[in-house]
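Undergrad: Structure provided below as structure tokens; questions to follow.
The values are calculated or read from the model by the stated rules, or taken from the named source; none is laboratory data. This one's a predicted model, so the numbers in the text were calculated from it and none came from an experiment. Reconstructed Cβ throughout: ideal geometry from the backbone, glycine too, with neighbour counts over all protein chains shown.
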């Protein structure tokens, strides 16, 4: 890597629980000339109004985006509390757009028009998009689809903001404030090589599950194969229905196949009426199977090696890693191993309530964008 690389990255983290202390600790570590963007992820337990004030004061006119999380992924592997951040400078221009999800269609339409004009004026650069969205909005499918249709030639990855389950709302930070029922979509322009990444370590089994009664808007499945959904699922994985819990769901996600690709649908809860609540949209007639785990370390290493083969050693991987993966790794004793893989591959990201990849929303998956630092690579 050159002494003055075209992409300059500064990283910082703080475990301080007081917002003013945390920002005071990360600010000097992030400072660099001509910063294009500050990207951060923070614990949901902060006083977010205070944190917003501190971030505005610390970074002033520098575009700053982020969201609440249930955990971070960075140079220390998997961590949970505090705030972690990066600043980016050099050949990577960033243009964040705030979106109110109550008016998503108009917001995406305006964003797409602005982006088209911007790209037409900078033909020597390529673009990709990063989406951060309220993880409790139930709007990820609609938003990802809208963005993909209006920006068909732009690779898009993203993650749903997360938090402590059942205790706090999930919020995104844009234009100097934390917001619920909102999203921030950032358009990046660069001449550097980059590649999108998507991987998961589950393959479908022979079990056939047909959704026969659901409420897609609420992500509820009431019946599978004409029977109570939770009971059918419990029977197939060999667990009493009353023993269904988050670690069990993490080990046995649902798999939906489309176009030769597998997309995971994670289960959030089994309910007293024997329905299942999912983290993704589902509708009647969808054919699913139950996933079987393969080696998560080998899956990740293979995916990152593919990136190296295409763009060389990544300078940065912005990653969106499902919280269900973290739950599984904690339960199986693999958190340190998987965190080491993330550290080795320079991942900066967070534990999400869902992941976006181009026009789709999914679960229990790692999605990300790897950025190289060598113009000579294709």
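Undergrad: From (1) within 21 Å of the chain's Cα centre (by Cα); (2) assigned by TED's automatic domain parsing to the domain that holds residue 39; (3) crowded, with 21+ Cβ neighbours inside 10 Å, pick out the condition that doesn't hold for residue 267.
TA: Only one criterion is unmet by residue 267, namely (2).
Undergrad: Find the residue count for segment 254-276, including only residues that are under 12 Å from residue 361 (Cα atoms) and in a loop (DSSP other than H, G, I, E, B).
TA: Here the count works out to 1.
Undergrad: Given the criteria under 20 Å from residue 52 (Cβ atoms) and at pLDDT 95 or above, does residue 89 qualify?
TA: On the way: under 20 Å from residue 52 (Cβ atoms): no; at pLDDT 95 or above: yes.
No, not satisfied.
Undergrad: Counting only residues that are exposed (fewer than 14 other Cβ atoms within 10 Å of the Cβ) and touching a strand residue (DSSP E or B) at 6+ places or on another chain (Cβ under 7 Å), how many does segment 233-256 have?
TA: Residues in segment 233-256 being exposed (fewer than 14 other Cβ atoms within 10 Å of the Cβ) and touching a strand residue (DSSP E or B) at 6+ places or on another chain (Cβ under 7 Å): 0 in total.
Undergrad: The conditions are (1) over 14 Å from the mean Cα position of the chain (by Cα); (2) assigned to a helix (DSSP H, G or I), and residue 141 fails exactly one of them. Which is it?
TA: (1)
Undergrad: Which one of these does residue 248 not meet: (1) more than 20 Å from the chain's Cα centre (by Cα); (2) modelled with pLDDT under 95; (3) assigned to a strand (DSSP E or B)?
TA: Only one criterion is unmet by residue 248, namely (3).
Undergrad: Just one of (1) modelled with pLDDT of 95 or more; (2) surrounded by fewer than 17 Cβ atoms within 10 Å (Cβ to Cβ) trips up residue 147, so point out which.
TA: Result: residue 147 fails condition (2) only.
Undergrad: Let me spell it out: the conditions are (1) under 20 Å from the mean Cα position of the chain (by Cα); (2) surrounded by fewer than 16 Cβ atoms within 10 Å (Cβ to Cβ), and residue 259 meets all of them except one. Which number is the exception?
TA: The failed condition is (1).
Undergrad: Looking for whichever is over 22 Å from residue 68 (Cα atoms), over 19 Å from the mean Cα position of the chain (by Cα) and touching a residue at least 12 places away in the same chain (Cβ under 8 Å) here; the options are 93, 121. Which one fits? I'd like the intermediate steps shown before the answer.
TA: Numbers: 121 fails: touching a residue at least 12 places away in the same chain (Cβ under 8 Å).
The unique qualifying residue is 93.
Undergrad: Hey, residue 276 hits all of (1) within 22 Å of residue 221 (Cβ to Cβ); (2) modelled with pLDDT under 95 but one; which does it fall short on?
TA: (2) is the only condition that residue 276 fails.
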